[in-house]
Amino acid sequence: MPRSTRWILVVVLLAQLVWSAPLSLVFGRAYLITPEPGLLVLAVVFGAIAVGIVAVTATLLVRWQVVARTRRRLLDTGLRVPALLVDVAYTGTRVNGRTVRKLTFESRSTGTPIRAVERTTAALPEGTPATIAYDLADPAKAVVADDLIALAADLAGRADRKRQARIDEMFRQQGKSSSTTFRQDGPSVFTTRTVTVSGSDGVPSDLASHIHEASARGLGTALDQLRGMVRDGRLTQQQFDEVERQFSGLFGKPGA
């Protein structure tokens, strides 16, 4: 159980003690003044609640101390082996709006499966590597040696960096692709991601990926620019016919 959850539980129990113990005293004193059976019953009931809360709180504190000592001992003297997260179970407990997860880590490096269970709000996917420290004399006593909160933050940071790298690569690819341009006085007719069509470079074999660039200027404007290039001698009639055929096919219009 996460430490923050423990403190919340202790606070809740003490809050119950704050009202049950005084009520028991109040009804007990009233019974001494006016010995009515009802007052005695109320004093006993609230007194029992107060005693029960104290007993439960004391039991939990002792148990937590034992668990903490065992964990420190295993971390100090236990054998450490690599492990993987094999199961993630969601509990019904929430801390600061985050669900507490029951994580089961398993190691098979010794030939015998060794498992360690941790409860944490850390979001870790199955297959996450970690380290288990266990007791050689009693392998059932095992704990996860890693800081799971820090491990989750590190994995999240790596995922963010990979995602950012993919986004950066997308923009780099976009930067390599220049928009379709037509110039009367320039050496090129239009530029695509991989080819430039001119009087000497030939016609691209596939213009489908560049339909957005062509549509930005319109089919008519594009063909007019190409006809001008034919008149200037920078584009052959055969090249023009091929480009016109491909553009007309993309726009669903017959060639001029």
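Does Thr99 satisfy the condition of being without any contact (Cβ under 8 Å) to a residue 40 or more places away in the chain and assigned to a strand (DSSP E or B)? Yes.
Of the residues Leu40, Leu74, only one is touching a residue at least 60 places away in the same chain (Cβ under 8 Å) and either surrounded by 12 or more Cβ atoms within 10 Å (Cβ to Cβ) or not aromatic (Phe, Trp, Tyr) (or both); which?
Values: Leu40 fails: touching a residue at least 60 places away in the same chain (Cβ under 8 Å).
Exactly one residue qualifies, and that residue is Leu74.
Against the test of being loosely packed, with under 12 Cβ neighbours inside 10 Å and either touching a strand residue (DSSP E or B) at 6+ places or on another chain (Cβ under 9 Å) or at pLDDT 85 or above (or both), the options Val62, Val56 yield a single qualifying residue, Val62. The conditions of being open to solvent by less than 40 Å² (accessible area, probe 1.4 Å), part of a strand (DSSP E or B) and free of Cβ contacts under 8 Å to residues at least 40 places away in the same chain are met by Ala89.
Each row is one residue, and each column tells you yes or no for (1) at pLDDT below 90; (2) of a type in the set (Gly, Ala, Ser).
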position: Leu85; (1), (2): no, no
position: Thr99; (1), (2): yes, no
position: Gly111; (1), (2): yes, yes
position: Ala122; (1), (2): yes, yes
position: Leu136; (1), (2): yes, no
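The values are calculated or read from the model by the stated rules, or taken from the named source; none is laboratory data. Remember, predicted model here, so these are calculated numbers, not experimental data. In this analysis, Cβ positions are derived from the backbone assuming ideal geometry, glycine residues included, and neighbour counts consider all displayed protein chains. All accessible areas refer to the heavy atoms of the entire protein, side chains included, with ligands and DNA or RNA removed. Shrake-Rupley method; radii C 1.70, N 1.55, O 1.52, S 1.80 Å.
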